[in-house]
Amino acid sequence: MMKFKIYFAFAILLTTSNAYAVTECTEKIVNYFVGTSEVNQSDAHLWITFERGGSASVSSKSAAFDGMLSTVITSIAADKTVKVRYKADNVECKMHHGDWVGIWLYK
(Lines give C-alpha, C1' and ligand atoms only; values in the text may rest on other atoms or scores of the structure.)
Protein backbone atom coordinates (compact mmCIF):
# COMPACT_ATOMS: atom_id res chain seq x y z
CA MET A 1 0.00 0.00 0.00
CA MET A 2 2.86 2.37 0.82
CA LYS A 3 4.44 1.82 -2.63
CA PHE A 4 1.12 2.68 -4.27
CA LYS A 5 0.95 5.98 -2.36
CA ILE A 6 4.49 6.87 -3.41
CA TYR A 7 3.81 6.04 -7.06
CA PHE A 8 0.51 7.94 -6.96
CA ALA A 9 2.16 11.03 -5.47
CA PHE A 10 4.94 10.85 -8.07
CA ALA A 11 2.42 10.53 -10.92
CA ILE A 12 0.51 13.59 -9.72
CA LEU A 13 3.75 15.55 -9.46
CA LEU A 14 4.66 14.69 -13.04
CA THR A 15 1.28 15.59 -14.49
CA THR A 16 1.11 18.97 -12.77
CA SER A 17 4.66 20.03 -13.57
CA ASN A 18 5.38 22.76 -16.14
CA ALA A 19 8.72 21.15 -16.97
CA TYR A 20 7.30 19.86 -20.25
CA ALA A 21 5.45 23.02 -21.23
CA VAL A 22 6.15 24.20 -24.78
CA THR A 23 4.34 26.24 -27.41
CA GLU A 24 3.72 25.05 -30.97
CA CYS A 25 2.65 27.42 -33.74
CA THR A 26 1.37 26.29 -37.14
CA GLU A 27 3.02 28.49 -39.74
CA LYS A 28 3.82 28.94 -43.41
CA ILE A 29 7.48 29.87 -43.95
CA VAL A 30 7.90 32.66 -46.50
CA ASN A 31 11.68 33.04 -46.44
CA TYR A 32 14.82 32.15 -44.56
CA PHE A 33 18.36 33.38 -44.08
CA VAL A 34 21.43 31.33 -43.17
CA GLY A 35 24.66 33.10 -42.38
CA THR A 36 26.94 34.74 -39.89
CA SER A 37 26.91 38.19 -38.42
CA GLU A 38 29.79 40.59 -38.81
CA VAL A 39 30.30 40.41 -35.04
CA ASN A 40 30.77 36.65 -34.73
CA GLN A 41 31.91 34.83 -37.86
CA SER A 42 32.18 31.45 -36.11
CA ASP A 43 28.51 31.19 -35.17
CA ALA A 44 25.98 30.91 -38.01
CA HIS A 45 22.23 31.37 -37.57
CA LEU A 46 19.12 30.22 -39.37
CA TRP A 47 16.44 32.91 -39.36
CA ILE A 48 12.95 32.19 -40.73
CA THR A 49 9.95 34.48 -41.23
CA PHE A 50 6.31 33.46 -41.34
CA GLU A 51 3.39 34.41 -43.57
CA ARG A 52 1.20 35.52 -40.63
CA GLY A 53 4.02 37.56 -39.11
CA GLY A 54 6.69 36.64 -36.64
CA SER A 55 10.00 34.91 -37.01
CA ALA A 56 12.33 32.42 -35.35
CA SER A 57 16.05 31.89 -35.23
CA VAL A 58 18.41 29.13 -34.15
CA SER A 59 22.18 29.00 -33.77
CA SER A 60 24.32 26.58 -35.73
CA LYS A 61 25.52 25.38 -32.32
CA SER A 62 22.13 23.68 -31.82
CA ALA A 63 22.21 19.89 -32.25
CA ALA A 64 19.06 20.20 -34.38
CA PHE A 65 20.40 22.92 -36.72
CA ASP A 66 21.01 20.72 -39.79
CA GLY A 67 17.64 18.99 -39.48
CA MET A 68 15.85 22.32 -39.02
CA LEU A 69 17.56 23.82 -42.07
CA SER A 70 16.67 20.77 -44.16
CA THR A 71 13.03 20.91 -43.04
CA VAL A 72 12.79 24.65 -43.74
CA ILE A 73 14.13 24.21 -47.29
CA THR A 74 11.78 21.27 -47.88
CA SER A 75 8.75 23.19 -46.61
CA ILE A 76 9.43 26.09 -48.96
CA ALA A 77 10.22 23.89 -51.98
CA ALA A 78 7.10 21.76 -51.43
CA ASP A 79 4.91 24.70 -50.30
CA LYS A 80 4.04 22.90 -47.06
CA THR A 81 2.91 24.15 -43.66
CA VAL A 82 5.07 23.54 -40.59
CA LYS A 83 4.49 23.50 -36.86
CA VAL A 84 7.29 25.26 -34.99
CA ARG A 85 8.00 24.27 -31.39
CA TYR A 86 9.31 26.83 -28.90
CA LYS A 87 10.83 25.97 -25.54
CA ALA A 88 8.78 28.54 -23.63
CA ASP A 89 5.13 28.11 -22.67
CA ASN A 90 2.39 30.46 -23.95
CA VAL A 91 4.50 32.48 -26.38
CA GLU A 92 2.93 34.83 -28.91
CA CYS A 93 3.34 33.20 -32.32
CA LYS A 94 3.49 36.49 -34.22
CA MET A 95 6.70 37.71 -32.54
CA HIS A 96 10.37 36.81 -32.97
CA HIS A 97 11.63 33.90 -30.89
CA GLY A 98 15.15 32.69 -30.34
CA ASP A 99 14.12 29.61 -28.37
CA TRP A 100 13.05 27.57 -31.38
CA VAL A 101 13.69 23.90 -30.54
CA GLY A 102 11.85 21.85 -33.16
CA ILE A 103 9.81 21.80 -36.33
CA TRP A 104 7.14 19.48 -37.79
CA LEU A 105 6.58 19.23 -41.54
CA TYR A 106 3.03 18.48 -42.69
CA LYS A 107 2.20 16.29 -45.67
Tell me which residues come under 5 Å, amide H to amide H, from residue 102 once H is placed; ignore anything under 5 positions away on its chain. 85
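For region 21-64, rounded, prolate or oblate, judged on the Cα gyration tensor with a ≥ b ≥ c (square roots of eigenvalues), a/c < 1.5 rounded, else prolate if a/b > b/c? Before the final figure, lay out the partial values.
Numbers: a/c = 2.97, a/b = 1.58, b/c = 1.88.
Judged from the Cα gyration tensor, region 21-64 comes out oblate (a/c at least 1.5, b/c at or above a/b).
What do you reckon, how do 25, 93 stack up by accessible area (1.4 Å probe), largest on top?
So the residues, ranked largest to smallest area, are 93, 25.
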Sequence of 38, 24 from largest to smallest accessible area, 1.4 Å probe: 38, 24
Would you please classify the overall shape of region 54-107 from the alpha carbon gyration tensor, given that a ≥ b ≥ c denote the square roots of the eigenvalues, rounded means a/c under 1.5, and beyond that prolate means a/b larger than b/c while oblate covers the rest? oblate
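The values are calculated or read from the model by the stated rules, or taken from the named source; none is laboratory data. Quantities reported herein were computed from a predicted structural model and do not represent experimental measurements. Heavy atoms of the whole protein, side chains included, go into the accessibility calculation; ligands, DNA and RNA do not. Shrake-Rupley method; radii C 1.70, N 1.55, O 1.52, S 1.80 Å.
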